[in-house]
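Worksheet: one structure, shown below.
Values quoted throughout were computed directly from the atomic coordinates according to the rules given, and no laboratory measurement underlies them. Predicted, not measured: the structure shown is a model, and the values here were computed from it. Note that we place each Cβ from the backbone using ideal geometry, even for glycine, and neighbour counts take in every protein chain shown.
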C-alpha cells in the first residue's frame with residue numbers, strides 16, 4: 001500500500017480493508033478469479049490477559065463488530 005500511495009508503484013493488489021483511502025482509486029478483483037482468503041482470529045497462549053483477547057473476539061463476532069467488519073470488506077462465518 002505504501003508503494004501505491006507514494007507513487008513508487010503504479011498499481012498493486014492490497015487488502016480491501018486498507019484500500020479505501022482517498023489517495024488511491026481501487027476496484028474489486030472479480031471473485032470468480034480467485035479463491036477466498038480465509039483468515040482467523042486467536043488468543044496467544046502466553047498472553048498475560050487472555051480475557052482481553054476473548055473479549056475482542058466476542059466483540060468482532062457480535063452484532064456491532066460484524067457490521068464494522070463488513071464495512072471494511074470482511075465476511076464472517078455464515079455470511080458467504
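For semi-axes √(5λ) of the Cα gyration tensor in Å, several values are listed as [x] 34, 30, 9; [y] 28, 14, 8; [z] 29, 17, 13; flag the one computed from this structure.
Among [x] 34, 30, 9; [y] 28, 14, 8; [z] 29, 17, 13, the one derived from this structure is [z].
Please compute the length gained on full extension between residue 16 and residue 35, using 0.36 nm multiplied by the number of residues separating them and subtracting their Cα-Cα distance.
Values: separation 19, 0.36 × 19 = 6.84 nm, distance 1.50 nm.
Here the answer is 5.3 nm.
With 10 angstrom as the radius, rank 61, 6 by how many other C-beta atoms surround their C-beta, starting from the fewest.
By the 10 Å Cβ count, ascending: 6, 61.
Helix-derived [θ] at 222 nm for the chain: sum -39500 (n - 2.57) over DSSP H runs of at least 4, divide by residue count, nearest 500?
Values: 4 runs with 30 residues, N = 80.
So the helix-based figure for the chain works out to -9500 deg cm²/dmol.
Taking the Cβ of each residue in 46, 75 as the centre, tally the other Cβ atoms inside 10 Å and list the residues starting with the fewest.
Ascending number of Cβ neighbours within 10 Å: 46, 75.
Among 24, 4, 68, which comes first, then next, by fewest other beta-carbon atoms within 10 Å?
Taking fewest neighbouring Cβ atoms as first place, the list is 68, 24, 4.
How far is it, in nm, from the label point at residue 49 to the one at residue 69 when both lie 7 Å from their Cα along the line to the Cβ?
Simple spin-label model gives 2.2 nm for this pair.
Determine the relative contact order of the chain: mean sequence separation of Cα pairs under 8 Å and six or more apart, normalised by residue count, in whole percent.
23 percent
Mind checking the angle between helix 50-61 and the chain's longest principal axis? C-alpha axes, 0 to 90 degrees, to the nearest 10.
60 degrees
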